[in-house]
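Colleague: Sharing a structure here in structure tokens format.
Derivation of every value follows stated rules applied to the coordinates shown; laboratory data play no part. All of these numbers come straight from a predicted model, not from anything done at the bench. Here the Cβ is made from the backbone with ideal geometry for all residues, glycine too, and neighbour counts use every protein chain on show.
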Amino acid sequence: MGESLRSFADAVQAFGERLASVHWTFLAAAVAFGLANLALRSRAWQAILRAALPGERIRYRTAFGAYCAGVGVNAVIPARAGDVVKVFLVKRNVPSAGYPTLVGTLVAETVFDFFVAGGLLIWALWAGVLPGPRLPDLPAFEVS
């Protein structure tokens, strides 16, 4: 048990040293891009919700809060549990919305993401910017 705690403390110290070597401007840019990503994706989901629920008032705050909560849950719990949180939070604010409709809005977003990501992957393969056959020779990610 003592060895495990010592190993964990060493890992925390190494993480702290690596974090201290990060340039603050790059960290701020990464945080800004991450927040912009959340803001734009939640705006897109709000537009999908408005299209799926005509006549309902879907506030941006509702979509943004539900989207951020869902992303946070997805970061911790696997199997897209955050999507359940998104649907629940929007349903709580828009009681007349049906669960199938809300799930459909997430499916629409996921299908759009699939095609955009697929297009980027096809472009990367065509442009030759992926490692290709060298992939097995690349060093593996080491957690320890």
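Colleague: Amide H neighbours of GLU56 under 5 Å, counting only residues 5+ apart in sequence or on other chains, H built in-plane at 1.01 Å?
Modeller: The list, which skips near neighbours in sequence, is empty: none.
Colleague: Follow-up question, since we're still on this one. Report, to the nearest 10°, how far helix 2-20 tilts away from the longest principal axis of the Cα atoms in the chain, using its own Cα long axis and a range of 0 to 90°.
Modeller: Approximately 70 degrees, to the nearest ten.
Colleague: Moving to a separate point now. Report, to the nearest 10°, how far helix 99-127 tilts away from the longest principal axis of the Cα atoms in the chain, using its own Cα long axis and a range of 0 to 90°.
Modeller: 50 degrees
Colleague: OK, next. Based on DSSP H runs of at least 4 residues, each adding -39500 (n - 2.57), what is the mean residue ellipticity at 222 nm of the chain after dividing by all its residues, to the nearest 500 deg cm²/dmol? Don't skip to the end; give the middle numbers.
Modeller: Numbers: 5 runs with 107 residues, N = 144.
Calculated at 222 nm, the ellipticity per residue is -26000 deg cm²/dmol.
Colleague: Please work out how much length the chain gains when fully extended from ARG80 to VAL103, using 0.36 nm per residue of separation minus the C-alpha to C-alpha distance, in nm with one decimal.
Modeller: On the way: separation 23, 0.36 × 23 = 8.28 nm, distance 1.21 nm.
7.1 nm is the gain from fully extending ARG80 to VAL103.
Colleague: May I ask you to work out the translational diffusion coefficient for the chain at 10 °C, viscosity 1.306 mPa s, via Stokes-Einstein with Rh from the Kirkwood sum over Cα pairs, reported in whole µm²/s? Don't jump to the answer; show the numbers that get you there.
Modeller: Working: Rh = 18.8 Å.
Once the numbers are plugged in, D ends up at 85 µm²/s.
Colleague: Helix 24-52: angle to the longest alpha-carbon principal axis of the chain, degrees 0 to 90, nearest 10?
Modeller: It is inclined by approximately 30 degrees.
Colleague: Show me the ranking of peptides 12-24, 96-108 by mean Cβ neighbours inside 10 Å, starting with the highest.
Modeller: On the way: 12-24: 9.0, 96-108: 15.2.
The most tightly packed comes first, giving 96-108, 12-24.
Colleague: Given labels modelled 7 Å from the Cα in the Cβ direction, how far is it in nm from LEU125 to LEU5?
Modeller: 5.2 nm
Colleague: Shifting gears a bit: Give me the three principal axis extents of segment 5-58 from the C-alpha atoms, as integers in angstrom, largest value leading.
Modeller: Sorted largest first, the three principal extents are 59, 29, 12 Å.
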